[in-house]
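The structure under discussion appears below in the form of structure tokens.
The values are calculated or read from the model by the stated rules, or taken from the named source; none is laboratory data. Quick caveat, the model's predicted, so the values are computed rather than measured. For neighbour counting, all protein chains shown are included, and Cβ atoms are generated from backbone atoms with ideal geometry for every residue, glycine included.
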Amino acid sequence: MFKKLFGALEGESRQENQNYEQPQSSNDNYEDDYENENQEVEYDPDTLHGIHYDIEDFDNEVTSRAEAWIQDERSRGEELREKDTQSIYLNYRREVYKEWNNCDSDQMIRFEKANSLKYTGVQTSGFVKVDDDNPFLEPVHGLSLRDYTAMCLKISAGIDYQEVCKAMGIEPIIWEELNTIWPQRMGEDTSFTVTTLFGQYYAESVTIPQLENLKTEISEEGLANLERIKTDRYFYEELAGARQAAYEYGIDGAQWILDTFGINLADFQSVAMQWMTEQNQNWNAEDVTAFSNHQQEKQKEYAAKFAAEQGGNIADDVSF
């Protein structure tokens with residue numbers, strides 16, 4: 001269950017990153033202006049809007065330009081789908097933001113991520129905004145999403161779920177319901193608030209008093225490797241690539257990471273979410289591409305290693 005949940009999280013992140021890595025070429029002239037003028041702009045820390053204008057004025061300008069374009073298209077007999085309209089607004093939002101802030105594409109993408117809920121209805125890791133009245137966040141059997149995440153962390157670290165249930169003072173049947181209802185809510189919540197908040201809690205290695213005495217053993221080597229993937233992004237990408245290669249060759253990637261590097265699933269996924277959050281908050285397209293390329297290269301290297309250990313790829317024995 002946990003591997004599937006985090007596979008979905010990481011998959012969405014990779015797709016999201018691909019969407020952001022190549023901004024619209026039509027905006028390149030604004031990036032040139034930014035580089036030439038090199039003007040400093042102060043941004044609101046929450047919205048990442050420039051503080052030199054009103055947000056309402058910004059939204060009105062985007063609407064004015066987008067609606068003018070839409071009206072022109074329709075006057076020429078073009079039929080626009082909702083997706084087309086959204087794309088038009090997206091492009092003009094990018095255009096106005098870069099004009100008004102004289103910024104580069106990386107800053108624009110950070111702005112989009114910070115305001116993803118407002119403009120697209122979808123949450124982004126690192127910029128989660130929580131509505132206290134959100135029905136998807138209502139406790140289940142008196143246990144919040146934070147409580148559920150803390151339990152998941154302990155179980156994915158290798159602690160038996162019955163021990164976790166005992167510490168929480170609940171019956172195993174309650175855990176089964178928790179582990180059904182919360183993932184179900186993640187699937188039903190189109191804003192991805194539950195999923196993103198779950199990932200944020202995981203990144204924080206959240207704990208609760210009832211579970212603080214439940215600990216897993218970790219070797220000195222494992223502890224050293226854990227500290228390294230927290231600070232060395234390239235080492236983390238190497239292990240992420242190795243884990244994916246392991247799965248592709250029928251090996252339990254999470255178990256292989258534990259056996260080889262001494263890092264359990266909970267700790268590895270916590271670091272994965274930390275890097276995802278840091279990347280979103282400090283977006284740099286050049287770095288993102290470099291990290292992605294490194295992971296792919298390492299995945300190929302480990303795939304070759306696993307293939308050799310299994311006697312080579314099946315395709316190696318086929319003559320064409």
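Of all residue pairs spaced 6 or more apart or on separate chains, those with beta-carbon atoms under 7 Å, a first member in the range 199-226 that is within 19 Å of residue 143 (Cα to Cα) and a second member that is basic (Lys, Arg) and not in a loop (DSSP other than H, G, I, E, B) are 201/146; 206/146; 211/154; 214/154.
Which residue is nearest to residue 258 (Cα to Cα), if the candidates are limited to the range 209-233 and must be among the β-branched types (Val, Ile, Thr) and modelled with pLDDT under 95? Residue satisfying both the conditions and the ranking: 218.
Results for (1) buried (at least 21 other Cβ atoms within 10 Å of the Cβ); (2) closer than 30 Å to residue 121 by Cα; (3) not basic (Lys, Arg), shown as yes or no for each residue.
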residue	(1), (2), (3)
202	yes, yes, yes
213	no, no, yes
220	no, no, yes
225	yes, no, yes
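Among the residues making up the range 65-85, those that are assigned to a helix (DSSP H, G or I), loosely packed, with under 15 Cβ neighbours inside 10 Å and either of a type in the set (Gly, Ala, Ser) or in contact (Cβ under 8 Å) with a residue 24 or more places away in the chain (or both) are 68, 75.
Is it true that some residue in the range 91-107 is under 28 Å from the mean Cα position of the chain (by Cα) and within 30 Å of residue 255 (Cα to Cα)? Looking through the range 91-107, none of the residues is under 28 Å from the mean Cα position of the chain (by Cα) and within 30 Å of residue 255 (Cα to Cα).
Of all residues in the range 91-117, those that are under 16 Å from residue 288 (Cα atoms) have Cβ atoms under 8 Å from Cβ atoms of residues that are acidic (Asp, Glu) and part of a helix (DSSP H, G or I), 6 or more apart or on another chain, in 104/31; 104/35; 105/31. When residue 69 is tested against (1) more than 26 Å from residue 280 (Cβ to Cβ); (2) touching a Ser or Thr at 6+ places or on another chain (Cβ under 9 Å); (3) aromatic (Phe, Trp, Tyr), just one condition goes unmet, and that condition is (2).
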